[in-house]
């Protein structure tokens, strides 16, 4: 079954993008091949570009505190697994404490690294990091793999608290919705929303080899159109009934278990 996620606001969109970059980056770091480490470094520099927009640290701290306050109302509720709840509250506090401990702007230690910034400048040019452009980068790529992994460990040490905070927030958000089994008749589905409790994330799970969903949504309605990819021309609409599962997520602290 394929799964798709669609954010409803810019904050969740940024969190999902950063999560995606980190997942790919950490995978390629672990792989260890020099080409994989090139891909990982490019992903790390893209993270740096993304966190330059707005004050992400302040936003994350506010979100962590909001989640902690909402979950604290569930303490002593006999219908709630108190051990799991307390573990989640401790994780939220740990994330917030680690974020606060670094008084620098997110990613500042990387921006202060002149060599990394020289690589970053060249990555905006197609093919701009060839060995004749950046012999120092070629030299680094062919250092022993453990040395390169140690470099990544150092570079990411002050970004991982941000990543752990984002993972925590998204984990709670993804677990907040109720699963609905619905059908897109002739490939199309629409649902009205109340508007008083804005959705933050839409998750779609579909068991179909040929079609994928495209979503347009606002706080009042969700429109889903399943499309078929032909790999040459633009995707075309799937003119058939498609059963799928839909989860509208909006974390409020209720339903935690």
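We did not get these values from a lab; they are worked out from the coordinates using the rules stated. Bear in mind that the values here come from a model prediction, so they are computed numbers and not experimental data. Heads up, the Cβs are rebuilt from the backbone with ideal geometry, glycines too, and the neighbour counts pull from every protein chain shown.
General remarks:
- Relative contact order [Cα under 8 Å, 6+ residues apart], the stretch 118-247, whole percent: 25
- The calculated FRET efficiency for residue 157 paired with residue 13, based on their beta-carbon distance and R0 = 30 Å, is about 0.70.
- The residue 82 and residue 59 beta-carbon pair, evaluated with R₀ = 22 Å, returns a calculated FRET efficiency of approximately 0.15.
- Cα-based helix-to-principal-axis angle, 56-72 vs the chain, degrees rounded to 10: 40
- Ratio of the Cα radius of gyration of the stretch 3-116 to 2.2 N^0.38 Å, where N counts its residues: 1.31
- Acute angle (nearest 10 degrees) that the helix 114-123 long axis makes with the longest principal axis of the chain, alpha-carbon atoms: 60
- Spatial separation of Cα centroids for the stretch 24-45 and the stretch 113-156, in angstrom: 11
- Relative contact order of the stretch 10-171, defined on C-alpha pairs under 8 angstrom at six or more residues apart (%): 32
- Estimated at 0.36 nm per residue, the fully extended path between residue 214 and residue 186 surpasses their Cα-Cα distance by 8.7 nm.
- The stretch 177-249: radius of gyration over Cα atoms, expressed as a fraction of 2.2 N^0.38 Å: 1.13
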